[in-house]
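Right, one structure below, let's go through it.
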């Protein structure tokens with residue numbers, strides 16, 4: 001897990017290159033938490049590496065994070081577990097953090113397949 005607390009202050013102090021270096025050295029499956037009081041362009045650039053999918057199907061549909069991960073990594077698309085970040089489960093929806101380079105592949109995989117035998121609507125969030 002990588003935590004960037006007061007990220008705006010870190011950038012103000014001139015550590016943008018250092019943050020880029022640390023992020024490039026973290027494994028792809030690493031969860032990144034970014035906390036900032038403001039949202040300047042540099043923070044937006046850092047946060048743009050990940051995006052989120054919203055899946056219509058959550059705990060009430062008896063879908064678990066492992067079911068979603070299995071649906072994403074099975075099939076011909078070639079998605080790896082390393083491209084998938086945190087999966088948040090709610091009663092009606094699930095939110096999946098996914099590397100931006102893999103987001104469209106993941107959405108295609110979920111729309112064409114099933115999660116735990118169920119077809120689910122999937123939306124790309126910003």
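For the reader, a short list of remarks on this structure follows.
- Option label - Rg and Dmax of the Cα atoms in Å computed here, alternatives [x] 16.0, 51; [y] 19.3, 63; [z] 12.8, 36: [x]
- Angle between the chain longest axis and helix 16-25 axis [Cα atoms, degrees, rounded to 10]: 40 degrees
- Mean residue ellipticity (222 nm) of the chain, computed from DSSP H runs ≥ 4 via -39,500 (n - 2.57), nearest 500: -9000 deg cm²/dmol
- Panel order for 99, 104, by other beta carbons found within 10 Å of each beta carbon, from fewest to most: 104, 99.
- Fewest-first ranking of 80, 51, 32, using other Cβ atoms within 10 Å as the exposure measure: 80, 32, 51
- When both bridge partners sit in the chain, DSSP labels roughly 85% of those beta bridges antiparallel.
Where a number appears in this text, it was derived from the coordinates with a stated rule and is not lab data. Being a predicted model, the structure only gives us computed values, none of them experimental. Backbone-built Cβ (ideal geometry, glycine too); neighbour counts: all protein chains shown.
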